[in-house]
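Since the structure comes first, as structure tokens, the remarks are kept for the end.
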Amino acid sequence: MELRKKLGAAALLAAAAMASAAGCGGRDNDPDPVPDAGCTGVCSTDAGTDAGTDAGTDAGTDAGTTGQIAAARRLSFGGKATLRNVVVTDVHYEKLSEQGNNAWRSYFWVTDPAAPKEGLFIHKFYTDTPDTYRPQPGDTVDIEGYFGTEANYEPFTGRRHRLANQRTPPVPLAITPKTTDAGVSARPPANEVTVEQLEASLGTAQNSAALLGTRVHLAGPLTLTNPTPEAFKRLDSSGTPPTYYGFEVGNGILVYHDKTRDRNLTDGGVEVRCDFQKKALAGETVTFPNGISGVWDTYTFAPCTDGGTDITGCGSNTPDSGVPGTTKPYTYTIIPQDCSDLGEVTAPPAP
């Protein structure tokens with residue numbers, strides 16, 4: 001796996017979050033490119049209440065239709081959705097093809113400017129069209145794809161609502177860029193939220209949860225109240241002290257810190273970011289005076305059935321994913337995209 005070549009062993013476990021973004025079963029150690037294994041209109045066995053009712057075969061056919069993302073979330077799994085004039089807010093994961101064809105694999109979020117409290121995860125594979133399109137925050141695009149969820153066995157992103165390609169019969173996800181190279185400053189502003197609003201989302205299914213898939217800003221001051229929440233605990237058979245994939249603030253709001261934690265490098269060095277979990281574990285009181293920003297979306301954990309440690313390599317050899325310490329299939333978390341979302345950047349130590 002490509003990430004494993006770049007990160008030291010100590011960072012590998014937490015790096016799995018990034019590697020897991022390979023959607024419905026396609027992982028970085030697959031041949032490149034391969035058909036996007038498992039990425040059909042139905043990519044989860046957990047239809048449950050989230051499948052909702054069939055909102056029609058095409059959600060939001062009119063440009064700027066208010067509620068088009070909400071309509072897409074109410075489609076039956078496998079239903080076709082067309083989103084018009086939505087804006088890329090953040091990129092979860094991307095990788096350039098190693099075949100020299102300039103094709104990009106990218107997983108990202110979009111928001112509808114006509115309904116800024118509605119967002120959705122988009123799962124673009126190398127062969128989706130245009131294959132060379134590399135989404136950037138601020139881009140305005142049209143998207144035609146098929147509604148479903150990330151596979152249950154995907155750690156971290158499993159069960160998350162998304163649009164993707166259809167595998168059988170093969171139909172690519174189609175993206176029509178309208179404006180590109182807009183830059184982060186052009187993306188829609190974060191929705192201002194309160195702890196109470198986010199707490200209200202926690203007990204709501206994805207087809208009706210407010211703010212899901214959008215950037216939010218939870219106003220400060222906020223205090224890091226728990227550096228090792230049970231919901232973020234890694235489950236494996238390593239016998240080592242457990243890894244926790246984030247921390248908790250306020251009255252139980254989870255913050256998934258894959259993009260802001262420090263990373264150990266293969267050369268023995270450390271890429272210092274803004275690892276507030278590390279500070280809290282060292283006994284420091286951590287407060288975010290300006291609050292926290294990031295994408296509000298799902299989180300789940302999928303351990304290997306045999307308890308193994310290669311959680312991104314066991315594929316469908318997993319029990320159903322869920323939230324450790326609970327009976328929930330998933331929960332919601334703020335996902336900061338960089339240190340600026342936490343209001344502070346930790347400078348690397350002087351050489």
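Taking all protein chains into account, the per residue accessible area for the stretch 218-268 stands at 41 Å² (1.4 Å probe). Compared with the alpha-carbon gap, the fully stretched path from ASP306 to THR326 is longer by 5.2 nm at 0.36 nm per residue. Descending by average beta-carbon neighbour count within 10 Å, the peptides 156-164, 231-239 line up as 156-164, 231-239, the highest first. Along the axis of the charge dipole computed for the stretch 178-282 (Cβ charges of +1 for Lys and Arg, -1 for Asp and Glu, origin at the Cα centre), the listed residues ALA200, LEU222, VAL270 are led at the positive end by VAL270.
For a Förster distance of 22 Å, can you work out the FRET efficiency between the beta-carbons of THR132 and ASP338, rounded to the nearest 0.05? It comes out at approximately 0.30. Overall shape: oblate for the stretch 202-351, with the ratio a/c of the largest to smallest alpha carbon gyration tensor axis at 1.5 or above and b/c at least equal to a/b. If you take all other residues with their beta carbon under 12 Å from the beta carbon of LEU202, and give Lys and Arg +1 and Asp and Glu -1, the sum is -1. Relative to its Kirkwood radius, the Cα radius of gyration of the stretch 258-318 gives an Rg/Rh of 1.07.
Remark: relative contact order (the stretch 144-269) = 15 percent; criterion is Cα-Cα distance under 8 angstrom and separation of 6 or more residues.
Label sites at GLU230 and ASP142, each approximated as a point 7 angstrom past Cα along Cα to Cβ, lie 5.0 nm apart. Surface composition of the stretch 211-284: carbon and sulfur make up 49 percent of the accessible area, probe 1.4 Å. Between THR214 and GLY119, TRP296, the built amide H atoms are under 5 Å apart, and every one of these is 5 or more places off in sequence or on another chain. Of all beta bridges that DSSP places with both ends in the stretch 176-286, some 75 percent have antiparallel geometry.
Centre-to-centre, using Cα atoms only, the stretch 139-169 and the stretch 87-113 are separated by 13 Å.
Across TRP296, TRP104, the residue with the most accessible area heads the list, and the full order at a 1.4 Å probe is TRP104, TRP296. In terms of its C-alpha gyration tensor, the stretch 95-218 comes out oblate, because a/c is 1.5 or above while a/b does not outweigh b/c. The local environment of VAL193, defined by Cβ-Cβ distances under 13 Å, has a net charge of -1 under the rule Lys, Arg +1 and Asp, Glu -1. Please tell me which of these pairs span more than 29 angstrom C-alpha to C-alpha: LYS80/LYS117; LYS233/LYS279; LYS259/LYS328; LYS178/LYS328? Distance filter (> 29 Å) returns LYS178/LYS328.
Model label sites at THR66 and ALA282, defined 7 Å from Cα along the beta-carbon direction, differ in position by 5.0 nm.
Accessible area per residue for the stretch 152-212, computed on protein heavy atoms with a 1.4 Å probe, is 44 Å².
The values are calculated or read from the model by the stated rules, or taken from the named source; none is laboratory data. It should be emphasised that the depicted structure is a prediction, and the values quoted were computed from it without experimental measurement. Every residue, glycine among them, receives a Cβ derived from its backbone with ideal geometry; neighbour counts consider all protein chains shown. What goes into the accessible areas is simple: the full protein's heavy atoms, side chains included, and nothing from ligands, DNA or RNA. Shrake-Rupley method; radii C 1.70, N 1.55, O 1.52, S 1.80 Å.
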